[in-house]
1. Considering each of I29, I85 in turn, give the residue that is more than 21 Å from Q255 (Cβ to Cβ), assigned to a helix (DSSP H, G or I), open to solvent by less than 60 Å² (accessible area, probe 1.4 Å) and at pLDDT below 90.
2. Out of L161, L119, L145, L138, report the one residue that is within 60 Å of the chain's Cα centre (by Cα) and hydrophobic (A, V, I, L, M, F, W, C).
3. Tell me, yes or no, whether segment 51-59 has at least one residue that is outside any helix (DSSP H, G or I), surrounded by 14 or more Cβ atoms within 10 Å (Cβ to Cβ) and on the phi < 0 side of the Ramachandran plot.
4. I'd like to verify a number: residues in segment 213-261 that are within 22 Å of A182 (Cβ to Cβ), modelled with pLDDT of 70 or more and open to solvent by less than 40 Å² (accessible area, probe 1.4 Å), how many?
5. Among the listed residues R101, R48, which satisfies the condition of being in a helix (DSSP H, G or I), without any contact (Cβ under 8 Å) to a residue 60 or more places away in the chain and farther than 30 Å from S156 by Cα?
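The values are calculated or read from the model by the stated rules, or taken from the named source; none is laboratory data. Keep in mind the model is a prediction, meaning the values are calculated, not measured. Here the Cβ positions follow ideal geometry from the backbone for every residue, glycine too, while neighbour counts run over all protein chains shown. Remember, those area values only see protein heavy atoms, side chains included, never the ligands or the DNA or RNA. Shrake-Rupley method; radii C 1.70, N 1.55, O 1.52, S 1.80 Å.
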Amino acid sequence: MQIPRYSNLPLAGKFLIPILSIFLGIWAIGTLAVGSITTQAQVNGLKRETENTASHVLHELESIHDFLSFKANSIAEIVNLSAVIENKDQQTLLQMLLPLRSSLDLDLVKVIDQEGTVLSDLRSPAIAQAKLQDSGVLQLAQSGLVFSSLIVSETSSPPLLVEVISIKSRQDVVGSVIVGHALTPEELTEILGNRQQQLILLQESKMLTSTLAIDDLIQWSERTSQAFVKEIQIGSEQHFSQAVKIPQIADDRFQFVVLTPLESLHKSQQQIWLITGSFGLMGGVIVFTIGVWVAHVVSRRMTQLTQATQDLAAGDLTVRLRVDGSDEVATLAAGFNQMAKELNQREQKIQSQVEELEHLVQELQQMPQLVQTDKMAGLGQMVAGVAHEINNPVSFIYGNVEPAKEYVNDLINLIHLYEQHFPNPPAEIQTEAEAVDIDFLNAFCT
C-alpha cells in the first residue's frame, strides 16, 4: 500500500499530522522523562538509604568495639590477676573469670601466659564446640600487643570480634586476655535495627555470617578503601551493596557489606512505568481524540467554504456562509459573504447594462432603414425646395418676358425716333451706341 504524499492529504490530515506528531512526541518524551526521573529518584533514594545504613552499621560496630574494649579493660584491672597468671593458677583464674564472662555477656574469655600457654578458655554455648582459627592472634598476644581482630571458625560457628589486652606485673608483661563477642545473625539483625537492609560479614569472598539465609560465595572484590554503592547479584536476587570497614581491624580481608534488596524497587519501578505508561497512553488517546475533533471542525468549515466557492464559481451568487465566532475561518467566511454580495450587485449591474446594450443594438439594427427614410424624406424636401426656388425666378422671368420685350421694343422704337430726328448725334452717343450694339439688340428683339 502506497503512503500518500503530505501534499495530497486532505486538510484534516495536513492539520492533524504535524500537530499530533509534535504534541505526542513532546508528551512521550515528557512521560519518559517523568518515569525516568521518578525511577532514578527511587534508585538514588535507595542508594542514600544504603549509605545511611552503612554509616549506622559503622557507628554500631564502633560502639560494640568500644564496649568490648571496656570489658577487656575491666577484666585486666582485676586485682591479683597478674599474680594468678604468673602462678598459672587455673582454678583460681576460672573462679575469677567465670562470673565475669556471664555478667559482661562475653562469648569468649581466653587467658594465655607469656609462653603462649592457654590458662583459661571460657566460651558461650554459641561457640562452645567451635574450632577457632586463632593461632595468629595468640602469637601477637604473646608479644604483649594491644589490638583488635576477628577470629573465624573452621566449623559453622559465628566469627568473633576480639579485643586483646596485655596483663602486666610490676616488672613485665605476664600474659594476655582475649575477650570476644560473637557476631551471630541475631547480633547483625540487632545492629541493623528495623531497617530493610541485610548485613553480611565477608572474608574476601567467603561469607562468615549474615542476616540472609544463603550459602553462596559472594563475588566481591572491592576493598573498604574504595567502598561505594554498587549493584551485585546474590543467588537470583539483585542488591545494592556498600562495604563497611570494621573499626580497629587492619586486616582488609574482613568486611561488613550492607545489602539493600532491589526486588521491591523493581516492583515499584514496574508500577511507576505502568502508571506512567497508562497515563501517557490515556493522554495520547485524549489528545488524539481532541485533535481529530478539532481537525474535523476546522476541515468541516473549510469544506463548507470550498463548496460555497465551487457554487459561486458555478454561478450561484446567492450562496452565503454562516459566520461563527471571530477566528480566521470566520473572518474568511465573512469576507466570502462580502465578496459574494459584491459579485451579486455587479452581476445585477452588468445585467442591466446588457439589457441596455441589447436595446441599443436593436435600435442600431433599425437605424439604416430610419436613416434611409429620413434621407429620402430630406432629399425630397431638398428637391422640392430647390424646385421651388428655381420655379419662382423662372416663373418670374417667364411672366415678365413679354413685358420686358415690350419695354425693350419701346426703348428701341424710342431710339429709332431719336435717330430719325437726330441723325448726327454727338460722338459720345455714337461711341456708346456702338458699344451697346443697338443693331444686334434690335435684330434680337424683332
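1. Details: I29 fails: open to solvent by less than 60 Å² (accessible area, probe 1.4 Å).
Every option except I85 fails the conditions.
2. Numbers: L119 fails: within 60 Å of the chain's Cα centre (by Cα); L145 fails: within 60 Å of the chain's Cα centre (by Cα); L138 fails: within 60 Å of the chain's Cα centre (by Cα).
None of the other options fit; the residue is L161.
3. no
4. Counting residues in segment 213-261 that are within 22 Å of A182 (Cβ to Cβ), modelled with pLDDT of 70 or more and open to solvent by less than 40 Å² (accessible area, probe 1.4 Å) gives 11.
5. From the options R101, R48, the qualifying one is R48.
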